[in-house]
Amino acid sequence: MDIKSYIRDIPDFPKQGILFKDITPLLSDAEAFKASIALLLELIGDIKVDKVIGMESRGFIFGPVLAENLNAGFVPVRKPGKLPSSIYSESFDLEYGTDSLEIHLDAIKKGDKVLIHDDVIATGGTASAACNLVERLGGEVVQMNFLIELEFLHGRDKLKGYETKSLLKY
Ligand code: AMP
């Protein structure tokens with residue numbers, strides 16, 4: 001199945017000059033959604049995973065599905081002010097703006113094997129901030145996992161030393 005044919009390019013969203021990769025056509029097609037989950041799981045293989053981290057908000061779509069299939073827990077990494085308990089926070093630069101991400105202090109235990117998932121890796125700032133949060137809590141990042149990689153932005157360069165996998169490259 002040609003998964004790329006279900007990804008829609010939206011020019012100048014959310015800002016002038018950004019070519020936004022819209023995954024909603026993929027999500028709304030039962031067969032394509034199922035196939036993309038199976039392919040993401042193939043990228044993961046049989047590595048042991050205790051926790052899957054998903055970044056707000058599109059990391060919340062595939063992240064929990066992957067976690068369920070891997071018999072792992074799911075941990076949301078959220079935008080500021082959304083998590084109700086004690087948190088760590090990391091700031092980072094985005095392809096469009098700056099932001100910060102937060103994680104609950106009790107979400108990861110020391111030594112937990114963690115897979116970090118997001119729909120898109122662009123400049124890598126989001127993923128690198130998520131790595132820092134996991135490591136501050138004593139977790140071990142075993143894979144960085146993305147549906148889409150925008151290779152021309154070289155986000156991978158911010159994730160040197162981490163196993164980084166993506167399904168669709170542009
Ligand atoms: P970055 O931190 O630059 O790697 O940006 C990754 C985050 O921004 C991910 O959470 C993506 O969902 C979102 N993102 C960045 N660029 C795009 C794009 N061109 N299309 C869709 N989502 C994007």
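Structure above, values below:
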{"quantity": "Order by protection proxy (mean Cβ within 10 Å, highest first), peptides 40-52, 114-126", "calculated": "114-126, 40-52"}
{"quantity": "The chain, helix-only ellipticity at 222 nm - DSSP H runs n ≥ 4, -39,500 (n - 2.57), divided by all residues, nearest 500", "calculated": "-7500 deg cm²/dmol"}
{"quantity": "The chain - percent of accessible surface contributed by carbon and sulfur, probe 1.4 Å", "calculated": "50"}
{"quantity": "Mean projected area (nm²) of the alpha-carbon convex hull when the chain is viewed from all directions", "calculated": "9.4"}
{"quantity": "For L168, residues with placed amide H under 5 Å, excluding near neighbours", "calculated": "I148, E149"}
{"quantity": "The chain, relative contact order [Cα under 8 Å, separation at least 6], %", "calculated": "18"}
{"quantity": "Simple spin-label estimate for D99 and D2 in nanometres, 7 Å along Cα-Cβ", "calculated": "3.1"}
{"quantity": "Whole-number percent relative contact order across the stretch 1-98, with pairs defined as alpha carbons under 8 Å at least 6 apart", "calculated": "18"}
{"quantity": "Entries of K4/K169; K21/K113; K51/K109; K4/K34; K51/K110 with Cα pairs more than 21 Å apart", "calculated": "K21/K113"}
{"quantity": "Label-point gap, in nm, between E151 and F20 - each point 7 angstrom along Cα→Cβ", "calculated": "2.6"}
{"quantity": "Accessible area per residue, Å², the stretch 83-132 with all protein chains present, probe 1.4 Å", "calculated": "42"}
{"quantity": "Label-point separation in nm, E140 to D46, each point 7 Å along Cα→Cβ", "calculated": "1.8"}
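The values are calculated or read from the model by the stated rules, or taken from the named source; none is laboratory data. Since this is a predicted model, take the numbers as computed values, not measurements. Virtual Cβ from ideal backbone geometry, glycine too; neighbours counted across all protein chains shown. Areas reflect the complete protein model, heavy atoms only, side chains present, ligands, DNA and RNA absent. Shrake-Rupley method; radii C 1.70, N 1.55, O 1.52, S 1.80 Å.
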